[in-house]
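Nothing in this text is a laboratory measurement; each read-out follows from the coordinates by a stated rule. Everything quoted here is computed from the prediction, not taken from an experiment. Cβ atoms come from the backbone with ideal geometry, glycine included; neighbour counts cover every protein chain shown.
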């Protein structure tokens, strides 16, 4: 152990003994670390620079600007080389700086190489990012460590990235966008005559529900679904729109299908044979798709400002949505009264090269290489997309907000879902 590391660990042991112990046992020699020179110098870890190699202080000034000078508390995610923590502590208004470690091995390496005087400041609170389930505000996150976060801190990393991206995502749903306003206007006649989704609320109190997404693992459940659906006391079956066609091709008929997306067409939401299936929709769906549906139609809205104007003219029930059609499908099950919900095909990731069950690779989601990952139910990294990770974050928050409902995940091959443990048993299935 280096003399500098011993010094740092001794300082930390007085206030954070468990963290000091954790950092002291990190195998830093396994890191792919290199010194990079410019006008200054920095470290690269697995090809990612921890900071600028030309002006580390100037970079820290830009990063610190994300939080007002008047902030009394700040959450810093990532430790870097210590530049940003040092800079933030020069602010007169700051009373507490909580530094969240995103990669234990990287911080341990830095503690071996560079003096970190900020650790002695009484305003500093040090913790592992994974020690909390949610992110703190206001925050600054170091970009390099959002890429290099360790496995145990991945859930917090995902929440940070989703929060950082939120303003850019919201722009896509700006109520002023002409094509979105036009789509809602084109559906007003149908909205006026279709049923209100709130008519379904509390209609199945205490029931079991299977909520089906279109992740690649869905194909492994078809046979079991057919057996469960044949039983007299079967659970409620709700699917998302892209799962409807693959299910019908396998002889599985859901009770309800949920659709919210502007790009859904009749090749996805096939109308043939839909007379016994209820369609729950947001008025972003094409009028031609809605009009062709043979079964009952129920309209609803999300809380998005996109629907504020039509909500005033034609009030309808609300369903939670934060980017994924799985969100309102789950919320529908909860508001109908489900006590236990099992998620099928809720993978939020690639399984091999597949992104969706029953559809050619790349048809629904661009099939391209991604460096982003989540952990699956076996604790293994699997490839995903940033938007999939964001959808997963918001689903996990929804689950946390509904402790009255038991959630389960039918697969360990897809993303690990906090609050929805894997269960090999399905409601309504015989186990003899």
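When a/c is below 1.5 the answer is rounded, else prolate if a/b is larger than b/c, else oblate, so apply that to region 183-409 with a ≥ b ≥ c taken from the square roots of the Cα gyration tensor eigenvalues. Don't jump to the answer; show the numbers that get you there.
Numbers: a/c = 1.37, a/b = 1.28, b/c = 1.07.
Rounded is the answer for region 183-409, as its axis ratio a/c remains below 1.5.
Kindly state, to the nearest 0.05, the FRET efficiency for residue 69 paired with residue 262, given R0 = 45 Å and r defined as their beta-carbon distance. Efficiency computed from Cβ-Cβ geometry: 0.60. Length available on full extension from residue 202 to residue 30: 0.36 nm per residue minus the Cα-Cα distance, which gives 56.5 nm.
Scaled against 2.2 N^0.38 Å for its residue count N, the alpha carbon radius of gyration of region 208-265 is 1.10.
Can you show me the helix-derived [θ] at 222 nm for the chain, built from DSSP H runs with n ≥ 4 at -39,500 (n - 2.57) apiece and divided by the number of residues, rounded to the nearest 500.
Working: 15 runs with 140 residues, N = 432.
Value at 222 nm, helices only, nearest 500: -9500 deg cm²/dmol.
Size descriptors for region 297-432: radius of gyration and Dmax over Cα atoms are 16.5, 54 Å.
Counted residue by residue at 0.36 nm each, then reduced by the alpha carbon distance between them, the extension gain from residue 46 to residue 370 reaches 115.0 nm. The alpha carbon gyration tensor of the chain gives principal lengths a ≥ b ≥ c with a/c of 1.5 or higher and a/b greater than b/c, which makes the shape prolate.
Counting every other Cβ atom within 10 Å of each residue's Cβ, 12, 229 order from fewest to most as 229, 12.
May I ask you to derive the relative contact order of the chain, considering only C-alpha pairs under 8 Å and at least 6 residues apart, and to give it as an integer percent?
On the way: 795 pairs, mean separation 56.9, N = 432.
Relative contact order here is 13 percent.
Exposure proxy shown here: for 253, 239, 393, 130, the number of other Cβ atoms within 10 Å sets the order, fewest to most, as 253, 130, 393, 239.
Please grab the % of Cα pairs in region 227-298 that end up more than 21 Å from each other.
Details: 497 of 2556 pairs.
Value for region 227-298: 19 percent of Cα pairs lie more than 21 Å apart.
Can you say what percent of the DSSP beta bridges in the chain, counting only those with both residues inside, are antiparallel? Round to 5.
Values: 12 of 52 bridges.
So the antiparallel bridges in the chain amount to around 25 percent.
Quote to one decimal, in nm, the extra length available between residue 220 and residue 291 on full extension: 0.36 nm per residue of separation minus the C-alpha distance between them.
On the way: separation 71, 0.36 × 71 = 25.56 nm, distance 3.28 nm.
Additional length available on full extension: 22.3 nm.
Rounded, prolate or oblate, given the Cα gyration tensor of region 3-170, with a/c below 1.5 counting as rounded? List each step's numbers first, then the result.
Working: a/c = 1.25, a/b = 1.16, b/c = 1.08.
Rounded is the answer for region 3-170, as its axis ratio a/c remains below 1.5.
Going by how many other beta carbons lie within 10 Å of each one, how would you line up 2, 287, fewest first? Mind dumping the intermediate values first?
Working: 2 10, 287 14.
With the sparsest Cβ surroundings first, the list reads 2, 287.
Each Cα pair under 8 Å and six or more residues apart adds its sequence gap; the mean of these over the residue count of region 183-409 is a relative contact order of 26 percent.
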